[in-house]
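Reading through the structure tokens given below for one structure.
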Amino acid sequence: MSRLSKSALLLFVVATLAGACLHFVYALFPNAVTACFSPVQESLWEHLKLLYWPYLAASLLLARNEGWDTLRVRAFTLLLCCAAALAAGWLYHIILGGEALFFDVALYVLTMTAAFLLPGLLRQFPLARRGLWLLLAVALGAAILLFTFLPPSGPLFLDLTAVNTWYTLPC
């Protein structure tokens with residue numbers, strides 16, 4: 001199992017709390033700037049911001065101490081954790097119709113925990129050390145920003161408080 005340094009553990013706690021606080025920033029200060037970093041609605045996609053931005057900031061801070069080469073592994077980890085959060089949210093909210101806040105909080109804490117622990121395990125895999133992951137992580141950030149203001153149609157972008165969460169897959 002991967003161990004976190006004291007600075008990484010502190011950043012984990014700060015990033016996790018910062019992500020939790022980001023959930024409420026847009027509701028308190030609704031404007032275009034806060035919309036970029038805080039969910040503007042209760043969609044699965046918008047909630048990626050809670051994981052993406054705090055982990056990205058923590059990764060940049062950790063890379064200063066660990067070396068900038070670690071950013072590739074952290075970018076790969078960020079992509080994995082965002083995909084896992086979307087998949088689990090899709091399954092629970094869209095397919096199963098779940099609405100428990102406990103699930104959302106637990107999923108957030110689990111994905112943030114995985115994001116901080118996985119780089120230590122993935123460093124040994126050459127696939128995780130490719131520069132392509134940096135480019136894809138930046139592309140994900142750009143998509144998060146773009147879809148904040150121009151969300152496509154589809155279940156990932158639906159406000160789950162405004163619609164019935166049961167979604168039937170087209171066959």
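The values are calculated or read from the model by the stated rules, or taken from the named source; none is laboratory data. Predicted model, so just to flag it, every value in this text is computed and none were measured. Because the Cβ atoms are built from the backbone with ideal geometry, glycine has one as well, and the counts that use them run over all protein chains shown. Side chains included, ligands, DNA and RNA excluded: accessible areas come from the protein's heavy atoms. Shrake-Rupley method; radii C 1.70, N 1.55, O 1.52, S 1.80 Å.
Could you check the spin-label model distance between L150 and A57? Points 7 Å from the Cα along Cα→Cβ, value in nm.
2.8 nm
In whole Hz, what ³J(HN,Hα) sequence does segment 16-30 give by Karplus (6.51, -1.76, 1.60; θ = phi - 60°), x for Gly and Pro?
Residue by residue, segment 16-30 yields 5, 5, 4, x, 5, 5, 4, 4, 9, 4, 5, 5, 7, 10, x Hz.
Using per-residue counts of other Cβ atoms within 10 Å, averaged over each peptide, order 41-47, 97-103, 134-140 from highest down.
Working: 41-47: 20.7, 97-103: 11.3, 134-140: 15.1.
By packing density, highest mean first, the sequence is 41-47, 134-140, 97-103.
Please turn the phi angles of segment 49-54 into ³J(HN,Hα) values with the Karplus equation 6.51 cos²θ - 1.76 cosθ + 1.60 (θ = phi - 60°), one per residue in order, whole Hz, x for glycine and proline.
4, 5, 8, 4, 5, x
Please determine, in degrees from 0 to 90 and to the nearest 10, the orientation of helix 70-89 with respect to the longest principal axis defined by the Cα atoms of the chain, where the helix direction is its Cα long axis.
Tilt of helix 70-89: around 20 degrees.
Before I look further, what does the chain give for accessible area per residue, probe 1.4 Å, in whole square angstrom?
Accessible area per residue: 56 Å².
Label 7 Å along Cα→Cβ of F157; segment 24-39 residues with amide nitrogen under 20 Å?
Backbone N within reach: 31-39.
Taking the structure as given and computing Cα extents along the principal axes in Å, which label from (i) 92, 47, 21; (ii) 74, 37, 33; (iii) 45, 40, 29 fits?
Here Cα extents along the principal axes in Å agrees with entry (iii).
Roughly speaking, to the nearest percent, how much of segment 1-136's 1.4 Å accessible area is carbon and sulfur?
The computed percentage sits at 74.
Please work out the C-alpha center-to-center distance from segment 1-61 to segment 88-158 and express it in whole Å.
Result: 12 Å between the Cα centres.
Helix-only mean residue ellipticity at 222 nm, the chain, DSSP H runs n ≥ 4 weighted -39,500 (n - 2.57), per residue, nearest 500. What is it?
Helix contribution divided over all residues of the chain: -21500 deg cm²/dmol.
With charges set only on the Cβ (+1 for Lys and Arg, -1 for Asp and Glu), what does the dipole of segment 1-114 come to about its Cα centre, in debye to the nearest 20? Mind showing how you got there, number by number?
Working: 6 positive and 6 negative charges, 91 e Å.
It works out to roughly 440 debye.
Step by step: find N for segment 72-128, compute 2.2 N^0.38 Å, then divide the Cα radius of gyration by it. What's the final number?
Ratio of Rg to 2.2 N^0.38 Å for segment 72-128: 1.27.
To the nearest 10 degrees, how steeply does helix 101-122 sit against the main Cα axis of the chain, on a 0 to 90 scale?
Taking Cα atoms only, the helix is inclined about 30 degrees.
With every protein chain left in place and a probe of 1.4 Å, what is the accessible surface of Y52, to the nearest 10 Å²?
Probe radius 1.4 Å; accessible area of Y52 about 10 Å².
If I model a spin label at V105 and L9 as a point 7 Å from the Cα along the Cα→Cβ vector, what separation in nanometres do I get?
2.3 nm
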